[in-house]
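The values are calculated or read from the model by the stated rules, or taken from the named source; none is laboratory data. Note that the structure is a prediction, hence the values are computed from the model and not measured. Ideal geometry is used to build each Cβ from the backbone, glycine not excepted, and the neighbour counts take in all protein chains shown. When the accessible area is computed, the model is the full protein with side chains, heavy atoms only, and any ligands, DNA or RNA have been set aside. Shrake-Rupley method; radii C 1.70, N 1.55, O 1.52, S 1.80 Å.
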Amino acid sequence: MSIHGDIKRITTHTLQSMKQHGEKISMLTAYDFSMARIFDDAGIDVLLVGDSASNVMAGHETTLPITLDHMIYHAQSVVRACKRCLVIVDLPFGTYQGNSKEALNSAIRVMKEAGAHGIKLEGGEEVCDSIKRIVGAGVPVMGHLGLTPQSIYKFGTYTVRAKEEEEAEMLLKNAKALQEAGCFSLVLEKIPAALGGLVASQLKIPVIGIGAGGGVDGQVLVMHDMLGITKNFSPRFLRRYLNLYEDISAATTRYISDIKSKDFPNEKEQY
Ligand code: KIV
């Protein structure tokens, strides 16, 4: 029961209990009110206002340019739409890596100005001090390991991470450090399925994968990929549930043609 009505909200505790009961967690990205309303009504567990907004909403090549103000704008729209799901917001590049005070200030802005339910940030042991400080202020934190797009210029490619034993061991160590620091959940991106399963089995907190196999506790996809709005992006882990690029393109072509041929508007479509 919430103070705003009779819909029971998903909380970080719900996700923890889902892991304990073996119920998989569903998560999608969202950046605007209309799509978030559809996803929430459909019963999604978690919506992530991802910094992938930099790519799919703003058209940048990487996630680096998006600002905290931009993220807060997207998050406000998503939060307004959601009655049930948990809304987590990415802290963008450059708003938490400096020091833990900067990280806390960024997290507080997201919580206060957007009304989000928690934040996500990328990295392992190097961000643990910031995580402790943010969690200490009462803000739930989701970690993110494996392919971390904010570090793309360090790695140089978007290929599968942690295929070698040494990197896999480091990832597991970092995952444990994030849990120890107080993260309520962890995203693992583009790593071998066996490693995803191993991390999920060794951690108490829910592990949500994107290209991390079926052994983790839940799955997340970028909404534009899941709905087939992005066209030239086909990693092995992606399952498309619609081909909206084609559908929207065909509808637009028909619309243009109806206007040109003076078929639209017809008698019934005017006052
Ligand atoms: O920004 C994003 O969309 C993400 C997901 C890929 C997990 O971090």
(request) Can you list which of the trypsin sites (Lys or Arg not before Pro) found in region 220-266 are DSSP loop residues with at most 16 other C-beta atoms within 10 Å? (result) K231, R236, R239, R240, K262
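If each DSSP helix of 4+ residues adds -39,500 (n - 2.57) and the sum is divided by the residues in the chain, what number results at 222 nm, nearest 500 deg cm²/dmol?
Values: 11 runs with 108 residues, N = 271.
One gets -11500 deg cm²/dmol as the mean residue ellipticity at 222 nm.
With every protein chain kept in the model, how would you rank S52, S26 by accessible area, 1.4 Å probe, largest at the top?
Values: S52 20, S26 40 Å².
Greatest to least solvent exposure: S26, S52.
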(request) Excluding residues on the same chain fewer than 8 positions from K120, give the aspartates and glutamates whose Cα lies under 19 Å from its Cα. (result) D32, D45, D51, D69, D90, E102, D129, E180, E189, D217
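In region 12-94, which trypsin sites (Lys or Arg not before Pro) are in a loop and have at most 10 other Cβ atoms within 10 Å, using DSSP for the loop call?
Passing both the DSSP loop test and the Cβ count: no residue.
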(message) Name the residue from A58, H13, G115 whose Cα lies farthest towards the positive end of the charge dipole of the chain, charges +1 on Cβ of Lys and Arg and -1 on Cβ of Asp and Glu.
(response) H13
(request) With +1 on each Lys and Arg Cβ and -1 on each Asp and Glu Cβ, and nothing else charged, work out how big the dipole of region 3-240 is about its Cα centre, in Debye to the nearest 20. (result) 540 debye
(message) Show me, for region 68-83, the HN-Hα J-couplings you get by feeding each phi into the Karplus relation (A = 6.51, B = -1.76, C = 1.60, θ = phi - 60°), rounded to Hz, glycine and proline as x.
(response) 5, 4, 4, 4, 5, 4, 4, 5, 4, 5, 5, 4, 4, 8, 9, 9
(request) Enumerate the amide H contacts of V187 below 5 Å, restricted to partners 5 or more residues apart or on another chain; note that Pro and chain-start residues carry no placed amide H. (result) G143, H144, L145, I208
(request) Report the percentage of all Cα-Cα pairs in the chain whose separation exceeds 34 Å, rounded to a whole percent. (result) 20 percent
(request) Quick one: Debye curve from the alpha-carbon atoms of region 170-258 only, equal weights, vacuum; give me log10 I(q)/I(0) at q = 0.20 Å⁻¹ to two decimals. (result) -0.88
